[in-house]
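Down below is the structure, laid out as structure tokens.
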Amino acid sequence: MRHLETNTGIMLRKKKTALLILTSILLLSCGTQKKSYPDYVHGLSLNKNKKKVSKDSLFIVTPSVEIYHYVNRKSSAKYDKREIIKKFILETLKSELNKTDYYDLSLMSKDYRSVNNVLEGIISEKYKNPDWIVSAPNDILIDEKKYTVLIRTIGVYGDSNKVIMYFSIINNESKTIESVDRYEYDESPLETQKTKNRIKKAFSKITNT
């Protein structure tokens, strides 16, 4: 009987060892599985260098602008200021690109409640992951032109001043967001000359002319 108990113990230890090995293999397998990506990502770019385009090939679309007044820890949307800044950015783009026309995009409603959240998320993720090949939402594509430049600006002024600007190049032929640059500075969005300087600086980084 004692000999039988010894063999049983050996068999139990072998089973436990086999189970531990199997568990380790499964954990290792899970850890090395291919990373999953959002649906709008359809590959990784092998070219680590950011592509530059000529100014002549860039065309203008309506910028996305949000302006808030922040006082006593409360913020309120300023629609009149938004329109002023939007028009200023459009005129700056026209001057910088030497173009008179632009394509109108309806990116948000008056009350900001229908801001294109999908577009916001995609632009943010493309900036964080520049090697992702990212599909552009259909509502920002312009079939007639290969490249368009989309500026998204979020500004706060009052007790606190801050501006965040996303500068995106859209490739309408491949239907992808080619590149995204992000700028953040502690200044009032109403200081238009500084906004103009930021746009000029952004163009110097993405254009080869």
query: Across segment 162-209, what is the number of residues that are surrounded by fewer than 16 Cβ atoms within 10 Å (Cβ to Cβ) and of a type in the set (Val, Ile, Thr)?
result: 3
field: Hits in segment 48-89 - residues which are of a type in the set (A, V, I, L, M, F, W, C) and under 23 Å from GLU173 (Cα atoms)
entry: VAL53, LEU58, PHE59, ILE60, VAL61
- line: When every residue in segment 84-98 that is touching a residue at least 12 places away in the same chain (Cβ under 8 Å) and charged (D, E, K, R) is compared, the one surrounded by the fewest Cβ atoms within 10 Å (Cβ to Cβ) is LYS94
query: Pairs under 8 Å by beta carbon, first residue at pLDDT 75 or above in segment 99-123, partner assigned to a helix (DSSP H, G or I) and surrounded by 13 or more Cβ atoms within 10 Å (Cβ to Cβ), six or more apart or different chains?
result: LYS99/LEU93; THR100/LYS94; TYR102/LEU90; TYR102/LEU93; TYR102/LYS94; LEU105/ILE140; LEU119/ILE140
- prompt: Is segment 135-143 home to any residue that is closer than 23 Å to VAL71 by Cα and either outside any loop (DSSP other than H, G, I, E, B) or not assigned by TED's automatic domain parsing to the domain that holds ILE60 (or both)?
  reply: no
- request: Identify all residues within segment 143-165 that are of a type outside the set (Lys, Arg), farther than 25 Å from ASN47 by Cα and touching a residue at least 60 places away in the same chain (Cβ under 8 Å); write none if there are none.
  value: THR153, ILE154, GLY155, VAL156, TYR157, GLY158, ASP159, SER160
message: buried (at least 21 other Cβ atoms within 10 Å of the Cβ) and in contact (Cβ under 8 Å) with a residue 12 or more places away in the chain: is that true of LYS126 in this structure?
response: yes
field: Residues of segment 82-98 satisfying the condition of being under 24 Å from LYS50 (Cα atoms) and either of a type in the set (Asp, Glu) or at pLDDT below 90 (or both)
entry: GLU96
message: Residues that are surrounded by fewer than 17 Cβ atoms within 10 Å (Cβ to Cβ), farther than 20 Å from GLU120 by Cα and at pLDDT below 85: does segment 61-81 have at least one?
response: no
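Restricting the search to segment 124-166, which residues are of a type in the set (Val, Ile, Thr) and either at pLDDT below 90 or over 15 Å from TYR103 (Cβ atoms) (or both)?
ILE133, VAL134, ILE140, THR153, ILE154, VAL156, VAL163, ILE164
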- request: Output the residues belonging to segment 151-191 that are among the aliphatic types (A, V, I, L, M), in a strand (DSSP E or B) and within 30 Å of VAL71 (Cα to Cα).
  value: ILE151, ILE154, VAL156, VAL163, ILE164, MET165
- request: Would you check if ASN138 is on the phi > 0 side of the Ramachandran plot and exposed (fewer than 13 other Cβ atoms within 10 Å of the Cβ)?
  value: no
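The values are calculated or read from the model by the stated rules, or taken from the named source; none is laboratory data. None of the values given here were measured: they were computed from a predicted structure. For neighbour counting, all protein chains shown are included, and Cβ atoms are generated from backbone atoms with ideal geometry for every residue, glycine included.
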